[in-house]
Amino acid sequence: MQIHHKTHLFFILILTSLVVIFLISCSKEIHLSSKTPLSRQNFVLGTIVTISLYDSDSEELLDRAFNKLTELENILSINKTNTVIDTINHHAGITPVEVDEATYHLIKKGLYYSELTSGAFDITIGPLVKLWNIGFPSAHIPSQEEITNKLPLVDYHLMTLDDSTHSVYLGKEGMLLDLGGIGKGYATDEIAKLLRAEGVNHAIINLGGNIYTIGDKPDNRLWTIGVQNPFNPNGDSMGTIGISNQSIVTSGIYERYITAEDGTTYHHILDPSTGYPFTNELAGVSIISDSSTDGDALSTATFALGLENGLTFIESIDGVDAIFITMDYKVYTTSGIKNQFKLTNSEFTLCN
């Protein structure tokens, strides 16, 4: 079946990096410091990354930050050969692979969220991700037979982790570990850690829509972050929220998708139980948390769970909040941010 790519991934990512706003500069509530931030943008980890420092003029520090991201890509990527994850996948069904301590604990956290969500979030989703390949030139809509053949390879229960040796074993040949649902968040946290260690107190990290704010703005106010309108990725937000020393991560139907000749659109958030994209009432979920690693996993997991179960799930986790946008343009927030989130687009209705 011929597929028409509605938009190129690179173009979408550039727009996302502009839309999930660093600062809503037109708002009267915001008074920026006269100091222009030191900012740099590069393509790494498969996305557009922008780092802006508001209290440092160190180009060398930005060099180190982007070098760190490249190092992480060479560990975590499923799309490059000879990465740590690629090595684990290459030995699936054959032998355990020992990994470094940091990578092991990240994989362990991914497994934790797989268990916590009963597989709605599953870090062994790789065979299905590779089958669809949404966001890449070779993306296609697979046949039911192709999907059926891959489904037995997606099962986090078949993973074995050994704390004593930091080894990871995928129990069936053909399984693929994929940290795409948690890796960008981890990379964001690692860059925040590096910057803080060098005395940075005011900065924004935007890793393809994974936003992390270090400290307050230079004028001691909260950073105002725009929340993506999932129905219009072309530079449009539907609301704002003020945060400090927190992450906001969004998963939605706008991020990557392909459209069939009959007009059916398939987004990239795949259901491990069916092999097809999740179909529920949600168009987008944004997670606000102290850890971008947690936010990354939870944004995917809550999208998978749907509105009602997702709201209940996030309300049960201390220090984490969420914004849910439904396909009928309704917006729901968890209790912790009811006074922080502001709706700015009249097309949407705030329901709680």
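Brief remarks follow.
- Geometric extent, Cα atoms of region 81-165 - Rg, Dmax (angstrom): 14.1, 42
- Fluctuation leader among T259, T47, T213 - the chain, Gaussian network, Cα springs under 10 angstrom: T259
- Largest to smallest accessible area among F121, F43 [probe 1.4 Å]: F43, F121
- For region 157-258: rounded, prolate or oblate by the Cα gyration tensor [a/c cutoff 1.5]: oblate
- Just so you know, the Cα atoms of region 263-352 work out to an Rg and Dmax of 13.3, 41 Å.
- Candidates T117, T70, T36, ranked by Gaussian network fluctuation over the chain, Cα under 10 Å, top entry: T36
- Calculated accessible area for region 78-207 comes out at 43 Å² per residue, all protein chains present (probe 1.4 Å; ligands, DNA, RNA ignored).
- For region 287-352, trypsin sites (Lys or Arg not before Pro) are listed when DSSP marks them as loop and at most 14 other Cβ atoms sit within 10 Å of their Cβ; the list is K338.
- Region 256-341 - percent of accessible surface contributed by carbon and sulfur, probe 1.4 Å: 43
- Net charge dipole, the chain: roughly 740 debye, given to the nearest 20, about the Cα centre with Cβ charges of +1 for Lys and Arg and -1 for Asp and Glu.
- Estimated FRET transfer efficiency (N345, K172; beta-carbon r; R0 56 Å; 0.05): 0.75
- Principal axes of the chain: Cα extent on each, largest first, Å: 58, 45, 39
- Largest-first ordering by accessible area, 1.4 Å probe, given options D296, D328, D86: D328, D86, D296
- Cross-link pairs beyond the 24 Å C-alpha cut-off, checked among K109/K217; K68/K172; K109/K330; K80/K109: K109/K217; K68/K172; K109/K330
- Reducing region 141-172 and region 178-200 to their Cα centroids gives an inter-centroid distance of 26 Å.
- Cα gyration tensor shape of region 128-182, rounded if a/c is under 1.5, else prolate or oblate by comparing a/b with b/c: oblate
- Extent along the principal axes, Cα only, for region 196-352: 53, 33, 32 Å, with the longest axis given first.
- Beta bridges per DSSP with both ends in the chain, % antiparallel, nearest 5: 95
- Spacing of the two label points (7 Å from each Cα toward its C-beta) at T148 and D63, in nm: 5.7
- The 3J(HN,Hα) values that the Karplus relation (6.51, -1.76, 1.60; θ = phi - 60°) gives for region 314-322 are, in residue order, 5, 4, 7, 10, 5, x, 10, 10, 8 Hz. Gly and Pro appear as x.
- Region 143-250: chymotrypsin sites (Phe, Trp or Tyr not before Pro) in DSSP loop, at most 10 other beta carbons within 10 Å: none
- Ellipticity estimate at 222 nm from DSSP helix runs (n ≥ 4, -39,500 (n - 2.57)) divided over the chain, nearest 500: -9000 deg cm²/dmol
- Whether region 93-228 is rounded, prolate or oblate, judged on the alpha carbon gyration tensor where a/c under 1.5 counts as rounded: oblate
- In region 43-114, the convex hull through the Cα atoms has an average projected area of 6.6 nm², a quarter of its surface area.
The values are calculated or read from the model by the stated rules, or taken from the named source; none is laboratory data. The model shown is predicted, which means the values in this text are computed figures rather than measured ones. Positions of Cβ are generated from backbone atoms using ideal geometry, with glycine treated the same way; all protein chains shown enter the neighbour counts. The area values use the complete protein model at the heavy-atom level, side chains included, leaving out ligands, DNA and RNA. Shrake-Rupley method; radii C 1.70, N 1.55, O 1.52, S 1.80 Å.
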